[in-house]
Amino acid sequence: MRFAPNTTLVTGGASQTGLALSKLFQSAGLPVLFASPSGERAPVGFECVKLDWEDVTTIPEVFDTPHQIRYVYLQVPESLGHDPLPYMQSFIDLAIAEGVQRFVLAGEKGGNAVGARRIHSYLEAQRVECVALGSLGAFFIVVSPMCEAHITHFALAEHSSVSRTRVNSIREKHAIETACSASVEDIPMAAFKAITVSGRVSTHERSGAQWV
């Protein structure tokens, strides 16, 4: 098997959102690796690795493949309850040590927002890039830094649709903030954009879009 750089690992790959996300990567010609408790539930055309949150011995196997995993779509199963960190921390720590650059985090079908929030807090404490998707409200991707030339080009190219206030905000923050819907139906595309966007990302919350 050939070496596959910059692979995205999709946990819960056999779920509806995980499968839809994986198909987006496949269509874009980008490497993707499924992870499931059995390691055998990948559809035809996809590779799969075993990852059982209740069996820590499966965690090192995830990174013992020809794939260079740089991005992780991390679903938090409801079965792990409101405090999934004891089950997932060793995976997160190893992933960071193995060079994972960005996590995109979602509660399983949006159902375990409390547990996902705990994982999000841990990821932020590790100072690793993380985008949190919620089943309600929105999330923000912040792409930075932007040099003045890029800001000016952005303002000129988009002058018909971008307000002066937004251009000034971009200039002050040297960043573009993008708000994206994150309903269950939108999560695969939102996750795809969060993983493939260039630059450093972080998340911000606003009224009506917090984890609940």
> Inside the range 66-100, can you point out the residues that are of a type in the set (D, E, K, R) and part of a helix (DSSP H, G or I)?
Replying inline: 78, 93
> Looking at 68, 101, 75, which is the one that is among the polar types (S, T, N, Q), in contact (Cβ under 8 Å) with a residue 40 or more places away in the chain, over 18 Å from residue 187 (Cβ atoms) and in contact with a strand residue (DSSP E or B) (Cβ under 9 Å, 6 or more places away or on another chain)?
Replying inline: 68
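If the requirement is being among the aliphatic types (A, V, I, L, M) and in a loop (DSSP other than H, G, I, E, B), which of these qualifies: 30, 9, 24?
Within the list 30, 9, 24, the selection yields 30.
Each reported figure results from applying straightforward, stated rules to the coordinates on display, with no laboratory input. Because the structure is a prediction, the values reported are computed rather than measured. Cβ: placed from backbone, ideal geometry, glycine included. Neighbour counts: every protein chain shown.
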